[in-house]
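Chemist: Quick one: structure below, then a few questions.
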Amino acid sequence: MTTPENLFNEEVKQYFIAEFPEESIKRHQAMGLFKNAKLIEERLGIDLYDMPYSELDKFLLGNGYKSSNSVVRDIVLLNQYIKWAELNGLVTNQTNRLFSTSRKSIEKYIYKNFNTIYRKEDIVNGLKQENDLYYLIGLCLFEGIGSVNFEEIQTLTVDQLAENNSEYFIRLNRGLLSISEELYQGLMQYDKVCMDKNLHSEFVDSEYIFKPFKRKNSDNKLVIHPAIRNRMWNALKECLGDETFNLATVVRSSFSYYAYIEMKKSNNMLLTTEILKQIADRHGKHKNIYGYYLGKILDELNIKFMKESYGDFKIEDKILNKI
């Protein structure tokens, strides 16, 4: 037995912990899980193994995880504890409360519940503090360029950029995409800076805006090395204090931002299926030959975040029925 920790239903939990080898990491992880659960167990007056799924879900969501690995670890431990309690005849609530631990189910659970959404300026300003390359790559991803196919960013040229009556566009293989003046001017300026040999002799001559860096023993075909992308993500994780930050975070944040922008353009502040289709098209997502996956588009949105960050709006009945 380990040292008493004043846990809820202490004796039972100590027997479970004793199933793991002495000084194993699993013992420490289980103890951490039980310490976190004490408050909700005392409030409800029942042990974790007897809680309904809805309460277990609230417990996990309230733990403030900083990494997806921590979420997976606690889900696996929680399932293990419930199964152990069932085998030992402790469970009185016989309804199924186990979380699915298939890779696909866990990824979906984490994606839906633990990927924080950010305002555009939080992401952009965070990258701006690092350097122009990170800033422009992040802005491209946020505005829908390269979020599905990163080659769209790697092969960008100035000839793809266009301006008409103070509106800005970029020509991609999948069609014409409207972009912000901020991105348009940033890409134009970055191309000019990279062309200045006095300033940046480390670049290889190329038609691409993001020119390859000169590297020894290399054919220089790689425009943006994966290591640069990894450093960009790491810089944002540190800036935002969010270890779960990834491309999905950018896309979900973008969906919420552009949904609100499109509602403002329509002047009636109504979220419609047409607007959802527009923002899905921006990222080249959630459509096949039969049409749009409305449910998947809605998975990208966070209505509460949108209202808190951008202001109130109404929702079309067809969407309300699917939320």
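Chemist: Per residue, what accessible area does the chain have, given a 1.4 Å probe and all protein chains present, in Å²?
Modeler: 54
Chemist: With every protein chain left in place and a probe of 1.4 Å, what is the accessible surface of Tyr258, to the nearest 10 Å²?
Modeler: Probe radius 1.4 Å; accessible area of Tyr258 about 20 Å².
Chemist: Normalised by the number of residues in the range 1-148, what is the relative contact order in percent for Cα pairs under 8 Å and 6+ residues apart?
Modeler: So the answer I get is 17 percent.
Chemist: Sticking with this one: When only C-alpha pairs under 8 Å and at least 6 residues apart count, what is the relative contact order of the chain, in percent?
Modeler: About 14 percent, as a whole number.
Chemist: Ranked highest first by the average count of other Cβ atoms within 10 Å around their residues, in what order do 275-288, 82-95 fall?
Modeler: So the order, starting with the most tightly packed, is 275-288, 82-95.
Chemist: Follow-up question, since we're still on this one. If the limit is 32 Å between Cα atoms, which of Lys13/Lys296; Lys38/Lys322; Lys58/Lys314; Lys13/Lys104 go over it?
Modeler: Lys13/Lys296; Lys38/Lys322
Chemist: Subtracting the Cα-Cα distance from 0.36 nm times the residue separation, let me have the gained length for Asn131 to Tyr53 in nm, one decimal.
Modeler: 23.5 nm
Chemist: A further question follows. Quote the charge dipole size of the range 71-178 about the Cα centre in Debye, to the nearest 20; the model charges only the Cβ of Lys and Arg (+1) and of Asp and Glu (-1).
Modeler: 800
Chemist: Could you tell me the calculated FRET efficiency between Phe305 and Arg229, based on Cβ-Cβ distance and R0 = 30 angstrom, to the nearest 0.05?
Modeler: Calculated value: 0.70.
Chemist: Using only DSSP helix segments of four residues or longer, with each worth -39500 (n - 2.57), what per-residue ellipticity at 222 nm results for the chain after dividing by its residue count and rounding to 500?
Modeler: Computed mean residue ellipticity for the chain: -16500 deg cm²/dmol.
Chemist: While we're here: Mind checking which of Ala37, Val72, Leu90 is farthest towards the positive end of the range 1-133's charge dipole, using Cβ charges of +1 (Lys, Arg) and -1 (Asp, Glu) about the Cα centre?
Modeler: It is Val72, whose Cα lies furthest towards the positive end.
Chemist: Right, something else. Once you have the Cα-Cα distance between Glu10 and Leu39, take 0.36 nm times their residue separation minus that, and quote the gain in nm to one decimal.
Modeler: Stretched out fully, the Glu10 to Leu39 stretch lengthens by 9.1 nm.
Chemist: Summarise the accessible area of the range 62-160 (1.4 Å probe, protein heavy atoms) by the percent that is carbon and sulfur.
Modeler: That share works out to 45 percent.
Chemist: Among [x] 31, 56, 13, 0; [y] 27, 56, 18, 0; [z] 26, 45, 25, 4, only one was calculated for this model; which label is it, if the read-out is P(r) over Cα pairs in 20 Å bins from 0, in percent?
Modeler: Label of the calculated value: [z].
Chemist: Sticking with this one: Would you work out the charge dipole size for the chain about its Cα centre, treating the Cβ of every Lys and Arg as +1 and the Cβ of every Asp and Glu as -1, and quote it to the nearest 20 debye?
Modeler: Here the size comes out at about 540 debye.
The values are calculated or read from the model by the stated rules, or taken from the named source; none is laboratory data. Values in this document were obtained by computation on a predicted structure and should not be read as measured data. Note: ideal-geometry Cβ built from the backbone for every residue, glycine included; neighbour counts use all protein chains shown. Remember, those area values only see protein heavy atoms, side chains included, never the ligands or the DNA or RNA. Shrake-Rupley method; radii C 1.70, N 1.55, O 1.52, S 1.80 Å.
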